[in-house]
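See below for the structure under consideration.
The numbers here are math on the coordinates, done by the rules we state, and not lab data. Since we're looking at a predicted model, the values are computed, not measured. Glycine also receives a Cβ, built like all others from the backbone with ideal geometry; neighbour counts cover every protein chain displayed.
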Amino acid sequence: MSSILPRLRWLLVAGLLGTGTVVARPKSLFTSAVTYCAPPENILVQELDIQYFKENASVVFDVTASSLRSDLKVALALNLTVYGMQPVSLDLNLCNLASAVCPLPLYNFSGFGTLPLPSSFSSKIPGIGYSVPDLEAFAQLELIRVDTGEVAACVSATLSNGWSMKQVAATWAAVGVVLLSIVGSTLWAISRARWSAEGEVGMWAEKEAWRVVDVITFVQSIAVSALLSLNYPSAYRAFTLNFPFSLLLNGPLPSQTAIDNLRQRTGARLSDDALPPDEYVNRRASPYNYGQNFALGSRFPITQSVDLGGGAVYTVSSVNSTGLVGKTASVAKRAFINPATVTSENALAAGVPVYVNGAGVATANAFLGVFFEWLVIGAAVLVVYLAYVIWSRRGRTGSASVDEKSGSRGMSRVSRMLHGMALRLSLILVLPVSVFAMYQWTLRDSWLATLLSVLCILTTWAAVLWAWTTLAFDSHLPVEGAGRWAALRSSAPTMALYTVAPFVLALFVAFASRSGTAQVSGLIAIETLSLVFAIVIRRRSRRAERNVLLNNTSTPTSLFTPVLPPPTRMSITLRVLRVLTSGLMIPFLEHLSIRPIPRTVIGIVAAAVWSLGVVFAFGCVLWGLVRLVRRKRAGGEVIREDRREVEEGREKEMGGKVGVEEVGQREEFAEAMPVLSRPQAQNTRTDSAQTTYYDAHTGVTPGQLQPQPASPGGQSADYFHAR
């Protein structure tokens, strides 16, 4: 087991960071998105595909366009921008290149061929540009009229090297961690209702069942960190697009067409189509980084003209140059038909629109997609509830003639288990439902979508309140005379930790979208205060458990089952990582004008921190399952040992031994009873000075520890000094 766990962790890190299978591929750059940078008035571009191969410094291009004016003589101006710098500017008069394109023919024309470039051009492209993930580079092609100097056509094309931090393997790795945490939580909840006696181990079993909330909310935080109005580097945005499932985006039901039809019938006014972010993002943001005045360092030279003379012969024909036949065949052809004209008016707004469109969901469809996934989950919960009602009625009928009290106790345990699952599920749904429901109110799109958003958020919060109060009223505090509100008050701090923080975060994401500074400040404040609050709750909880049991002069009271256990070490560790990553969002503020390369490095570091957190959560959940297997084996021994103690106590009370026949009948009856209906024996350990403290986290009493030799200071190394 010790040799397998490290391998699994490193594989998970590789998957989360988007490190796919290394395949042999030529070092090349190719177009990934094509748009007009000016309204097409003289020339229409139907198709544009450009690929540059480093090995022989050649460009393979495929262009289909049509001229709308006669006698249109143009010159070509090509500017290459890489991470906000323009190392190359190419000027080429088409009339000096080929007479067939001067003037441009007044009909559709297409060209497919190769263009070898001199070393003075290829040397301007750094080698890291062929391997860095999510390259931030674009080429702007302008056709300028020779006679008037006007721009006849302008086309922008983003470039890619084929490497990206958005990987299917990363998504499935995260899904696997989430599913494993769900399975582990479910098994722990069932185990607690199945094997543990009342007061067996205190809270550690309950904490294992609650790990799923910490794990899933951590994964949700990765996606939410990309919903702010910031200038994210392309690498970080691609990384966060591995986790839209945690926010209930991109679910299988229903189709986007069904959502479009529903919106159109209820007063929709926004577009139904999901727009590619690389095409419709603001040109001041990544991957364009156009027109920024960088505050750090000096800019590289904007223009370096390249001489294409020297007797070089260029052809525009449907042939491939030598050495490129195999390479071009291995690269899939990308056809960009009828590029869109993107201006500041129709560009995607930063924040939620860029992220949800990158996930393949239109901005106006985001909430309805979440809502239908929420309905599917609600239907599953309803099915489980109906099954439990039917089972409980049959169970009561079957056990009434045998032992009605024990049967009701068994039902109470299952009911508490299901209520705990419902509370955990509701807390997991709070963040995505609150974010997209509130953001729907800012769109003013479909009246039905707005109405459903109100009902959805109210129902989710009502489910949280119902499950919490039900569990609290069912709890038993170890304080005599405590009212039914005592458990509610005792669990209020932990409940506030799980509910107030996501609610306030949703407010910042939805209603502060015009100020990235306000959103980042709110995120840092929320995560920092949550961390401090979690540490305080954990320390106070441990002290309260100790005081309750140390101040009890009679037989130690069985520790009550808390409604919500205090934060665990895993929870606090994940919150520390969330504070670190929220601080790393500061360089993404647009008004700071941080250069693209430092922003990209910071984005990759933030992605690595998130990945380490997921791997750490995976290890904790996996170790919890190992502990579950061990607990299962020891559970029967604990119950049998407690049963023997009860029998011995009964014999002492009766002043003699219980008949062998009676004991045998009672054991046969206990074995024949349903597992969940068995009466659970109380722990009746004798009181002493060494057993008045019961550690709620380890299930160990001082009397169970072996006596230790005295310390050098003369003090006995008893339990209190040992811990």
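Counting Lys and Arg as +1 and Asp and Glu as -1, what is the net charge of the other residues whose Cβ lies under 14 Å from the Cβ of SER229?
+2
Under a crude label model (7 Å from the Cα following the beta-carbon direction), how far is ALA492 from ALA100 in nanometres?
It is 8.2 nm.
Starting from the Kirkwood radius over alpha-carbon pairs of region 408-471, derive D by Stokes-Einstein at 25 °C in a medium of 0.890 mPa s and give it in µm² s⁻¹.
Diffusion coefficient, whole number: 189 µm²/s.
Rounded to whole Hz and in sequence order, give me ³J(HN,Hα) for region 284-290 from the Karplus expression 6.51 cos²θ - 1.76 cosθ + 1.60, θ = phi - 60°, writing x for Gly and Pro.
Calculated HN-Hα couplings, in order: 7, 9, 5, x, 7, 6, 8 Hz.
Which distance in nm do the two modelled labels at GLU345 and SER515 give, with both placed 7 Å along the Cα-to-Cβ direction?
Between GLU345 and SER515, the label points sit 2.9 nm apart.
Taking amide hydrogens as modeled 1.01 Å from N in the peptide plane, which residues meet the under 5 Å criterion relative to ASN93, leaving out close sequence neighbours?
LEU76
Around GLY420, with a cut-off of 11 angstrom between Cβ atoms, what is the net charge of the other residues, counting Lys and Arg +1 and Asp and Glu -1?
Numbers: positive: ARG192, ARG413, ARG416, ARG424; negative: GLU206, ASP474.
Around GLY420, the charge tally is +2.
Applying 1/(1 + (r/R0)^6) with R0 = 25 Å to the Cβ-Cβ distance of LEU458 and THR528, what FRET efficiency is obtained, to the nearest 0.05?
Computed FRET efficiency for LEU458 and THR528: 0.25.
Report the label-to-label distance for ARG539 and TYR290 in nanometres (one decimal), using points 7 Å from each Cα along the Cα→Cβ vector.
Label at ARG539, label at TYR290, 5.4 nm between them.
Which pairs break 31 Å Cα to Cα here: LYS73/LYS124; LYS27/LYS73; LYS166/LYS207? Write out the running numbers ahead of the final one.
Values: LYS73/LYS124 29 Å; LYS27/LYS73 35 Å; LYS166/LYS207 33 Å.
In this structure, LYS27/LYS73; LYS166/LYS207 lie more than 31 Å apart at Cα.
Take the Cβ-Cβ distance between ALA38 and ASP71 as r, set R0 to 22 Å, and report the resulting FRET efficiency rounded to the nearest 0.05.
FRET efficiency, ALA38 to ASP71: 0.60.
Based on the Cβ-Cβ distance of LEU465 and VAL609, what FRET efficiency does E = 1/(1 + (r/R0)^6) give at R0 = 51 Å, to the nearest 0.05?
Efficiency, from the Cβ-Cβ distance: 0.90.
Under 15 Å from the Cβ of VAL520, count the other residues' Cβ atoms, weight Lys and Arg +1, Asp and Glu -1, and hand me the total. Intermediate values should be presented prior to the final figure.
Details: positive: ARG514, ARG578, ARG599; negative: GLU527, GLU590.
Its environment carries a net charge of +1.
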